[in-house]
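Here the structure is laid out as structure tokens; the discussion comes afterwards.
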Amino acid sequence: MHPDIRHAPDPDYPGWLTWDLPGEERYNVTLGKLLVRPDGPGRARCRMFPTIAHSNLGDVVHGGAILTFIDMAFFAGGYVAGMSDTHAVTLDVAVQFISPAELGIPLDASVELLRETGRLAFLRGLVEQDGRTVASFSGTLRKLKS
């Protein structure tokens, strides 16, 4: 895990861990608060809290915000699911949008680490909100040389 990532128990959400960076300069801050927790062997659950800043003109969560959430869930969820290194880049991501996500209700991404090799990690999961599936996704990360 990158040394700048703050990963600690969240006092407001028992059982959840933070996943954030110091400062306001990086793109990651556009997502807002990101939480993660283990969800069984090889699995993790990430959570974001969509606000008006994440909305489109239809007053639902913008697809780009959901894609950002999925990309960040690959790293936070992958790490908590057992991925050996998060010093990586996203090689590919496939997303199927299934239903709109509402503002003001937490979005969860369940992440499963399917396989990890020396240089690659393969993941898949679902974005869910209030018992509804919002999107399904899969992707590959390429680990960078340290």
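Among the residues of the stretch 115-125, is there at least one that is under 20 Å from GLY32 (Cβ atoms) and either touching a strand residue (DSSP E or B) at 6+ places or on another chain (Cβ under 8 Å) or among the β-branched types (Val, Ile, Thr) (or both)?
First, pick out the residues of the stretch 115-125 that are under 20 Å from GLY32 (Cβ atoms): 125.
Next cut, either touching a strand residue (DSSP E or B) at 6+ places or on another chain (Cβ under 8 Å) or among the β-branched types (Val, Ile, Thr) (or both) only: 125.
Among the residues of the stretch 115-125, at least one is under 20 Å from GLY32 (Cβ atoms) and either touching a strand residue (DSSP E or B) at 6+ places or on another chain (Cβ under 8 Å) or among the β-branched types (Val, Ile, Thr) (or both), which makes the answer yes.
Can you tell me which residue within the stretch 102-123, out of those that are surrounded by fewer than 16 Cβ atoms within 10 Å (Cβ to Cβ) and touching a Phe, Trp or Tyr at 6+ places or on another chain (Cβ under 7 Å), is nearest to GLY40 (Cα to Cα)?
LEU114
Considering each of ALA76, ALA53, ALA65, ALA94 in turn, give the residue that is part of a helix (DSSP H, G or I) and over 26 Å from GLY15 (Cα atoms). I'd like the intermediate steps shown before the answer.
Details: ALA76 fails: over 26 Å from GLY15 (Cα atoms); ALA65 fails: over 26 Å from GLY15 (Cα atoms); ALA94 fails: part of a helix (DSSP H, G or I).
When all the criteria are applied, what remains is ALA53.
Please state which one of ALA88, ALA81 is closer than 18 Å to LEU141 by Cβ, among the small types (Gly, Ala, Ser), in contact with a Lys or Arg (Cβ under 9 Å, 6 or more places away or on another chain) and modelled with pLDDT of 95 or more.
Working: ALA88 fails: modelled with pLDDT of 95 or more.
So the residue among ALA88, ALA81 that is closer than 18 Å to LEU141 by Cβ, among the small types (Gly, Ala, Ser), in contact with a Lys or Arg (Cβ under 9 Å, 6 or more places away or on another chain) and modelled with pLDDT of 95 or more is ALA81.
Considering only residues that are assigned to a loop (DSSP other than H, G, I, E, B) and surrounded by 15 or more Cβ atoms within 10 Å (Cβ to Cβ), which ones fall in the stretch 14-32? Steps first, answer last, please.
First, pick out the residues of the stretch 14-32 that are assigned to a loop (DSSP other than H, G, I, E, B): 14-16, 19, 21-26, 32.
Residues satisfying the conditions are TRP16, TRP19, LEU21, GLY32.
Does the stretch 1-10 contain any residue that is part of a loop (DSSP other than H, G, I, E, B), surrounded by 11 or more Cβ atoms within 10 Å (Cβ to Cβ) and within 12 Å of the chain's Cα centre (by Cα)?
Step one: list which residues in the stretch 1-10 are part of a loop (DSSP other than H, G, I, E, B), which gives 1-5, 7-8, 10.
With the extra rule that they be surrounded by 11 or more Cβ atoms within 10 Å (Cβ to Cβ), the set shrinks to 1-2, 5, 7, 10.
Add one more test, that the residue is within 12 Å of the chain's Cα centre (by Cα), and what stays is none.
No, the stretch 1-10 contains no residue that is part of a loop (DSSP other than H, G, I, E, B), surrounded by 11 or more Cβ atoms within 10 Å (Cβ to Cβ) and within 12 Å of the chain's Cα centre (by Cα).
May I ask you to list the residues in the stretch 33-45 that are assigned to a loop (DSSP other than H, G, I, E, B) and within 13 Å of the chain's Cα centre (by Cα)? Give the derivation first.
Residues of the stretch 33-45 that are assigned to a loop (DSSP other than H, G, I, E, B), as a first pass: 33, 39-42.
Selection gives LYS33 alone.
The values are calculated or read from the model by the stated rules, or taken from the named source; none is laboratory data. Remember, it's a predicted structure, so these values are computed and weren't measured experimentally. Using ideal geometry, Cβ is built from the backbone for each residue, glycine included, and neighbour counts are taken over all protein chains shown.
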